[in-house]
Amino acid sequence: MKKILQISLGIVTAVGGFLEIGSVVTAVQAGASFNYQLLWAVLLGTICLIFLVEMSGRLAAVSKHTIVEATRERFGFPFFFIVMIGMTLVAFLVLVAELGGIGLSLQILTGIGFPWWAIPVSFLVWLLMWKGTFGLIENGASLLGLVTLSFVVAAVRLHPDWGSAAHGLLPTFPGARKASYWFVAVSILGASISPSLMYFYSSGAIEDEWDESYIPINRLTATLGMSLGGFLSMAVLVVAALVFHPRGIDVQKFEQASLLMTTALPKWGFTLFALSMLFACFGAALEISLAIAYFFAQGFGWNWSEDLAPSRDARFCLTYTIIILLGAVPLLFGVDPVKVTVMSMALTSATLPLAIVPFIFLMNDPIYLGKHRNGWLSNSVVLIIILLSFILAVISIPLELIGG
Amino acid sequence: MEIELELLIGRKVRDVDGANVGRIEEFRVERQQNALLVEAYLIGASALIHRLSAWTLVRPIQRFLSAKSIYSVYEVPWQDMDLTDPHNPVLRTAKRDLRHSR
Amino acid sequence: MHVVRDVLDKKLLDHEDESMGRIDGLVMQIGKSSQPRITHIAVGGATLWARVHPTLGRIARRMAGKWGPKRREKVRIPWSRVRTVGRDVTLDVEAKHAGAIDWEIWIARHIVERIPGGGHEEPDDGD
Amino acid sequence: MRLKRFSVIAMALLAACKPPTPAKQMDSIQSWLATAELDGDAWLRHAAPDNYSRQTLELSRETLLQVSHDLLSSHPPGVDSAMLDSVLIRSRRHIGQMSRFIEAKNPPAFARQLDSLRADQKIVKRIANSIESGR
């Protein structure tokens, strides 16, 4: 009975915490510009994420190490330092995007511009981290995040042509606008395959003191939770394809995306979108700032626990305090969060090998995982998808930039 | 003399004739009550693989490429290593006299 | 036992299982004809950054002298204080006195505890 | 190495954004006309709040102003610039009126402006297609 509860809670957190500004913006752009054509990217990214999240949990449960701890111990500090730079830079951009997403949701609800929200929002995020516990943050945020299920309702109410949607699940080569097609594909992959999520997940497994008995639970929650989450992003893409694509709206600004559900759910669509983004980005902002703090603390061997009083793990708390404060700065200057989002998602895929290749080494380490280490299937699936997104990223990012 | 062991990792080693042997990757030690006694230095790319305990990942690839052994790992007993200049370690023997540990 | 794989970069726990950093470096004694012995564990920024680049090491050392806890000499723990080497390395010293967590304490005292809700160093009601 | 890629991207960001093709600009013009139309439609159906709708109409109007200025200043070949200019000015006026009628809480007048905006959309579409075929 207890296990069933754990599993369902895990799935709820996974689903509620899945969407964030990255997955929504990229899915909306994909649907608006390329109809169902890019659904395959969401599918591919989700499959890869399922494998990676399952591995993160398994590593923590068996070796009692988080990914970051194991990386530092196995590869030594000099290499770890390179990974740290790459990951924290990208994660910081994502944090800016999430804080901006909260600001934008409040902007469309209140009419007050998002730069004004930068300070209060990041203060609130910081306060929750300062006072809150891990359970509160993880469960609370993702329970609120369940409002994102409204995207599915919207998708169903628009009666999409499921047949042609299914066609989108198979990769196809674009007719026109090739550069932008691949760039959006890359940012979708980057939005789905998020290393920070892995760091957060494995740290959570340690905070909840998982052992080998959790392996089946972990497998189940990772699979169900992440696939349902991926299903949510697909719903977003489908709605965008039905609302924006026929009208020739090419979504560049959050204000455009905000109209996503006004046709499917005339009465509540607008508010539901705003609230979905508000809660989703808020949860993601907490998650990502925790992930960054975990990264430093675990890498340097500081005390780290979201459940301790700040003075018991001072350096850990100081890290996320500084990160969150810095995250507010670009928004104060009115940097467009949507632009930050798209770029940070593309950069995520560009930096994926840096995070994932060492991780694959760890997942095959007999010392850490014994008989629970990866099989050839998981290894090849992950590596292939990672290398694919990396190559696509390296090619398409410059093209996109030159294209303006 | 005192040496910071962590700085030796990755240092190139030459033998008596000045021939390049490889990089120091690992140290095999005997644990004692109040110190670790260095028994041998592991040199070469395979030593790196061993250090990353990555054989389970590398062996299949090796087999797939049907390469007998990608690299040799040299296990140098402490007597044969001269660290008087830590920045360029030198062997007291010739490369050909080294025994492969794998 | 293999030092780099099994010891270096492992987490250090004091006698109360308080985390006190990682094994950032190891001090090796070599003599003319005597067998090399690893006698001390080195902890701290100066040791750590020197592994990335000597210059970084020097900078870290200089800053350690000027800022925060103002500790000039590197933190070294004799190997004789090592209890077990397993998933982590446990010592029979107290983190506070070893000097390995000077920064943790300094930041707690000078910054975190001055922020409302920061709590104090003794264990809190876990909020 | 990551840092290098990072700086490369940063530099590219600065160097990038050479003027897009007329076709691209027409796309973005249509996209923003459609945005204004969808937003207006949503407001009429009480599906979007006043503040947001006004701001979005403003945003569309400003973006349209900017894009059409860029487009016309480049004198695109095979386009009746005068006609395009006039229709774009007209539609911008409609959008401006719409946001004013939101303030005035005047749906009927708002609806009239919305209809004429839709009419202009069709004209712009025709011009756009002519460019597409012209390419």
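The values are calculated or read from the model by the stated rules, or taken from the named source; none is laboratory data. All of these numbers come straight from a predicted model, not from anything done at the bench. Note: ideal-geometry Cβ built from the backbone for every residue, glycine included; neighbour counts use all protein chains shown. Heavy atoms of the whole protein, side chains included, go into the accessibility calculation; ligands, DNA and RNA do not. Shrake-Rupley method; radii C 1.70, N 1.55, O 1.52, S 1.80 Å.
Remarks
- Extreme residue, farthest from the other protein chains (Cβ to nearest Cβ), among residues of the stretch D:24-36 that are in contact with a Ser or Thr (Cβ under 9 Å, 6 or more places away or on another chain) and open to solvent by 10 Å² or more (accessible area, probe 1.4 Å): D:25
- Within the stretch C:5-18, being open to solvent by 10 Å² or more (accessible area, probe 1.4 Å), out of contact with any Ser or Thr (no Cβ under 9 Å at 6 or more places or on another chain) and at the interface with another protein chain (Cβ under 7 Å from one of its Cβ atoms) holds for one residue alone: C:10.
- If the condition is being in contact with a Ser or Thr (Cβ under 8 Å, 6 or more places away or on another chain) and facing another protein chain (nearest Cβ under 9 Å), then the stretch A:300-309 contributes A:301, A:302, A:303, A:304, A:307.
- Restricted to strands (runs of 3 or more DSSP E) entirely inside the stretch C:19-127, those with at least 2 residues that are open to solvent by 30 Å² or more (accessible area, probe 1.4 Å) are C:37-43, C:75-78, C:82-85.
- Flag if residue A:256 is open to solvent by less than 10 Å² (accessible area, probe 1.4 Å), within 30 Å of residue A:80 (Cα to Cα) and within 14 Å of another protein chain (Cβ to nearest Cβ): no
- Considering residues of the stretch A:335-362 that are open to solvent by 30 Å² or more (accessible area, probe 1.4 Å) and over 21 Å from residue A:401 (Cβ atoms) only, the residue nearest to the other protein chains (Cβ to nearest Cβ): A:361
- Extreme residue, farthest from the chain's Cα centre (by Cα), among residues of the stretch C:48-82 that are closer than 27 Å to residue A:63 by Cα and touching a residue at least 24 places away in the same chain (Cβ under 8 Å): C:51
- When B:15, B:80 are screened for being without any contact (Cβ under 8 Å) to a residue 24 or more places away in the chain and more than 29 Å from residue C:81 (Cβ to Cβ), only B:80 passes.
- Among residues of the stretch D:100-135 being closer than 27 Å to residue D:20 by Cβ and more than 15 Å from the chain's Cα centre (by Cα), the one that is most open to solvent (accessible area, probe 1.4 Å) is D:135.
- When A:59, A:49 are checked against the criterion of being in contact with a Ser or Thr (Cβ under 8 Å, 6 or more places away or on another chain), buried (at least 21 other Cβ atoms within 10 Å of the Cβ) and under 29 Å from residue A:331 (Cβ atoms), a single residue qualifies: A:49.
- When A:240, A:285 are checked against the criterion of being more than 10 Å from chain D (Cβ to nearest Cβ), more than 27 Å from residue A:128 (Cβ to Cβ) and at pLDDT 95 or above, A:240 stands alone in meeting it.
- Residue in the stretch B:43-57 that is open to solvent by 70 Å² or more (accessible area, probe 1.4 Å), at the interface with chain C (Cβ under 10 Å from one of its Cβ atoms), touching a strand residue (DSSP E or B) at 6+ places or on another chain (Cβ under 6 Å) and on the phi < 0 side of the Ramachandran plot present: no
- Selection from the stretch A:108-129 of residues that are in contact (Cβ under 8 Å) with a residue 60 or more places away in the chain, among the aromatic types (Phe, Trp, Tyr) and either closer than 21 Å to residue A:292 by Cα or surrounded by fewer than 18 Cβ atoms within 10 Å (Cβ to Cβ) (or both): A:126
- Hits in the stretch A:66-105 - residues which are open to solvent by 20 Å² or more (accessible area, probe 1.4 Å) and away from chain D (no Cβ under 14 Å): A:75
- Residue A:296 falls short on exactly one of the conditions (1) open to solvent by 30 Å² or more (accessible area, probe 1.4 Å); (2) away from every other protein chain (no Cβ under 11 Å); (3) touching a Pro at 6+ places or on another chain (Cβ under 8 Å); (4) not small (Gly, Ala, Ser), and that condition is (3).
- Residue B:16 vs. criteria assigned to a loop (DSSP other than H, G, I, E, B) and away from chain C (no Cβ under 14 Å): yes
- Single condition residue C:41 does not satisfy, out of (1) on the phi > 0 side of the Ramachandran plot; (2) in contact (Cβ under 8 Å) with a residue 12 or more places away in the chain: (1)
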